[in-house]
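The values are calculated or read from the model by the stated rules, or taken from the named source; none is laboratory data. Please read these numbers as outputs of a predicted model, since none were measured by experiment. Cβ placement follows ideal geometry from the backbone for every residue including glycine, while neighbour counts extend to all protein chains displayed. Heavy atoms of the whole protein, side chains included, go into the accessibility calculation; ligands, DNA and RNA do not. Shrake-Rupley method; radii C 1.70, N 1.55, O 1.52, S 1.80 Å.
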Amino acid sequence: MNILVWHVHGSWLTSFLRGGHTYLLPVTADRDGDGLGRARTWNWPESAREVSPAQLREADIDLMVLQRPHEPELARRWTGRTPGRDVPAVYVEHNTPDGPAEHTRHPLADRSDIPVVHVTHFNRLMWDTGKAPTAVVEHGIVDPGPRWTGDIERAAVVVNEPVRRGRTTGTDLLPGFAREVPLDVFGMGTEGLPEHLGLSPGRCRARDLPQSALHGAMARRRLYLHPVRWTSLGLSLLEAMFLGMPVVALDTTEAREAVPPGAGVVSNRPEVLREAVRRLLADRAHAQVTGAAARAAVLERYGLRRFLDDWDQLMKEVVR
């Protein structure tokens with residue numbers, strides 16, 4: 001099929017583009033938020049093709065994959081065709097609800113012609129999607145391979161904009177963890193984080209690495225810490241498990257589904273989490289065994305082949 005999809009979430013799209021289709025990625029002259037085109041920092045296949053808004057008017061499109069509330073109207077303006085009526089469409093909801101979770105109504109809740117596809121079962125439970133049909137296609141990850149060495153006795157944390165997002169990303173919890181294990185925080189908008197938390201470089205370092213270097217840097221740290229309170233399911237958590245890293249995470253949203261017993265420690269009790277990072281830091285052999293169990297678990301549930309097969313089945317049903 002020819003699938004129209006915007007470059008919005010690069011990590012998710014990296015997996016989605018591995019299917020056996022042609023993917024039309026809108027690109028604008030200044031590569032703004034609605035026209036990023038192909039990624040500069042991910043390895044995407046040649047089947048992911050850049051198309052301008054003008055070219056979309058004449059393009060053959062079998063399916064529109066929408067991801068943001070304004071995209072149904074944007075797709076209509078750029079293609080001249082209405083999603084869900086003139087061309088089959090689905091809406092991928094990547095996020096947990098922003099407002100009071102049990103009362104947040106989805107932007108497509110009043111439409112029955114565009115299915116809402118959630119990336120976790122927790123998200124489908126929490127969003128009020130009204131009369132919109134719903135489905136769940138859990139994440140799938142391009143396997144980076146078992147790269148964990150754990151030779152750097154620090155914890156890796158991956159989070160974007162931790163200062164601005166604050167409690168959402170568990171930023172306030174980091175000083176407590178930093179007393180047990182030195183932290184290396186990777187992600188966009190991490191500048192000034194140690195100063196913001198009042199932590200010395202010895203206890204907390206922060207930097208934004210290119211995607212090509214991130215996995216290697218994570219894999220050298222002894223463990224992966226996931227302090228996020230409210231997120232769909234952090235892809236960085238799954239990527240750490242693919243690397244063979246032992247993980248410690250808050251027991252919120254979908255984390256427990258992703259981290260079974262033996263693959264890491266999941267809890268909402270800070271003292272339990274702090275004890276877990278202490279033990280993993282002190283006992284490399286225990287960290288290695290735990291990381292191997294994490295990799296085995298994530299390969300079974302979040303493998304790329306299952307993800308692409310699930311999407312193919314869903315897309316066939318929608319187009320039919």
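If only residues of the stretch 234-280 that are part of a loop (DSSP other than H, G, I, E, B) and among the small types (Gly, Ala, Ser) are counted, the one that is modelled with the lowest pLDDT is GLY234. Does GLY19 meet the test of being open to solvent by less than 50 Å² (accessible area, probe 1.4 Å), within 19 Å of the chain's Cα centre (by Cα) and in contact (Cβ under 8 Å) with a residue 60 or more places away in the chain? Yes: the conditions hold for GLY19. Within the stretch 255-278, restricting attention to residues that are without any contact (Cβ under 8 Å) to a residue 24 or more places away in the chain and among the hydrophobic types (A, V, I, L, M, F, W, C), the residue that is least open to solvent (accessible area, probe 1.4 Å) is VAL266.
Out of the residues in the stretch 182-234 that are aliphatic (A, V, I, L, M), out of contact with any strand residue (DSSP E or B) (no Cβ under 7 Å at 6 or more places or on another chain) and surrounded by 21 or more Cβ atoms within 10 Å (Cβ to Cβ), which is farthest from TYR302 (Cα to Cα)?
Of the stretch 182-234, the ones aliphatic (A, V, I, L, M) are 183, 185, 188, 193, 197, 199, 206, 209, 213-214, 217-219, 223, 225, 228, 233.
Filter once more, so that each one left must be out of contact with any strand residue (DSSP E or B) (no Cβ under 7 Å at 6 or more places or on another chain): 188, 199, 213, 219, 233.
Then keep just the ones that are surrounded by 21 or more Cβ atoms within 10 Å (Cβ to Cβ); that gives 219, 233.
Numbers: ALA219: 19, LEU233: 12 Å.
Ranking the candidates gives ALA219 first.
Answer yes or no as to whether THR168 is under 18 Å from the mean Cα position of the chain (by Cα) and buried (at least 20 other Cβ atoms within 10 Å of the Cβ). Walk me through it before giving the result.
On the way: under 18 Å from the mean Cα position of the chain (by Cα): yes; buried (at least 20 other Cβ atoms within 10 Å of the Cβ): no.
Criteria not met by THR168.
Within the stretch 22-50, track down each residue that is open to solvent by 20 Å² or more (accessible area, probe 1.4 Å) and not in a loop (DSSP other than H, G, I, E, B). Of everything in the stretch 22-50, those that are open to solvent by 20 Å² or more (accessible area, probe 1.4 Å) and not in a loop (DSSP other than H, G, I, E, B) turn out to be THR22, VAL27, LEU36, ARG49, GLU50.
Conditions tested, residue by residue: (1) within 27 Å of PHE177 (Cα to Cα); (2) open to solvent by less than 50 Å² (accessible area, probe 1.4 Å); (3) more than 22 Å from the chain's Cα centre (by Cα).
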| position | (1), (2), (3) |
| --- | --- |
| ARG85 | no, no, yes |
| GLU93 | no, yes, no |
| ALA101 | no, yes, no |
| VAL158 | yes, yes, no |
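Yes or no, residue by residue, for (1) under 20 Å from the mean Cα position of the chain (by Cα); (2) touching a residue at least 40 places away in the same chain (Cβ under 8 Å):
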| position | (1), (2) |
| --- | --- |
| ARG124 | yes, no |
| THR129 | no, no |
| ILE141 | yes, yes |
| THR149 | no, yes |
| GLU180 | no, yes |
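Checked against the criteria, ALA59 does not count as outside any helix (DSSP H, G or I) and either within 26 Å of SER212 (Cα to Cα) or acidic (Asp, Glu) (or both). The residues on offer are THR290, THR252, and the sole one that is touching a residue at least 12 places away in the same chain (Cβ under 8 Å), over 14 Å from VAL157 (Cβ atoms), among the β-branched types (Val, Ile, Thr) and crowded, with 23+ Cβ neighbours inside 10 Å is THR290.
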